[in-house]
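> I have a structure I would like to understand better, so I am pasting it below and will then ask my questions one at a time.
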Ligand SMILES: CC(C)(COP(=O)(O)OP(=O)(O)OC[C@H]1O[C@@H](n2cnc3c(N)ncnc32)[C@H](O)[C@@H]1OP(=O)(O)O)[C@@H](O)C(=O)NCCC(=O)NCCS
C-alpha cells in the first residue's frame, strides 16, 4: 500500500534501528551500529516508512525494519538470510511486515539467490502464522533441519584446538 521500503540511509536509520533492537534484544545490541555501518558491514537492512501524517505519537515515521545477510551453500548456491523483521506494534496487521519481507525477497532474487532463510522461535505463534501465510515452510518439521550453535567457552575452545 502506502508503505515504502528502501535501503538504509545511515544517519536516519540509527534511531529506529536502536529502538527496534532494544525491544527485541535485551543485550548484545551495542555493537550493532558499528557492525552495520562500518566499511565492511556485517549486515544490510531495509526500513519501512509511513508518510508524515501517519507518524506515531512520538513522532516516528520509520516504523519497521528488516536485517539481512547473504549466505552460500554448495547445495543451493546463493541464498539470502533474514535476521530481524520488526514492525512497531501499532502498525502491525497493515501489510508492513509483508512489504519488508517482500523487499528482502526481491533483493535476494535480484542477487541471484535461490532461497530466503530465517528462523522463528517455536513460541512465537503470531510470527509463525505470518510466515506460513506467506507460503514459507518449516524446514525443521519437513526435512529435519536443526539450527546449531557454538558460543562462549565452547566457541573459544573450538578455536583453540
Ligand atoms: C511478525 C511481524 C513482522 C508481522 O508484521 P505485520 O506488519 O504485522 O504483518 P502484515 O500486516 O504484513 O501481515 C501480512 C500477512 O500475514 C498475516 N498475518 C500477520 N500477522 C498474523 C497473525 N498473527 N496470524 C496470522 N496471520 C497473520 C496477515 O493476515 C497477512 O496475510 P495476507 O496478506 O496474506 O492476508 C510483526 O508482527 C512483528 O514485528 N512482530 C514482532 C517481532 C517479531 O516477532 N518478529 C519476527 C521474529 S522471527
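The numbers here are math on the coordinates, done by the rules we state, and not lab data. Keep in mind that what you see is a predicted model, and the values were worked out from it rather than measured. Positions of Cβ are generated from backbone atoms using ideal geometry, with glycine treated the same way; all protein chains shown enter the neighbour counts.
> Please give the direction-averaged projected area of the C-alpha convex hull for the range 46-161, in square nanometres with one decimal.
10.2 nm²
> Given a Förster distance of 35 Å, report the FRET efficiency between residue 156 and residue 114 from their Cβ-Cβ distance, rounded to the nearest 0.05.
Working from the Cβ atoms, E equals 0.55.
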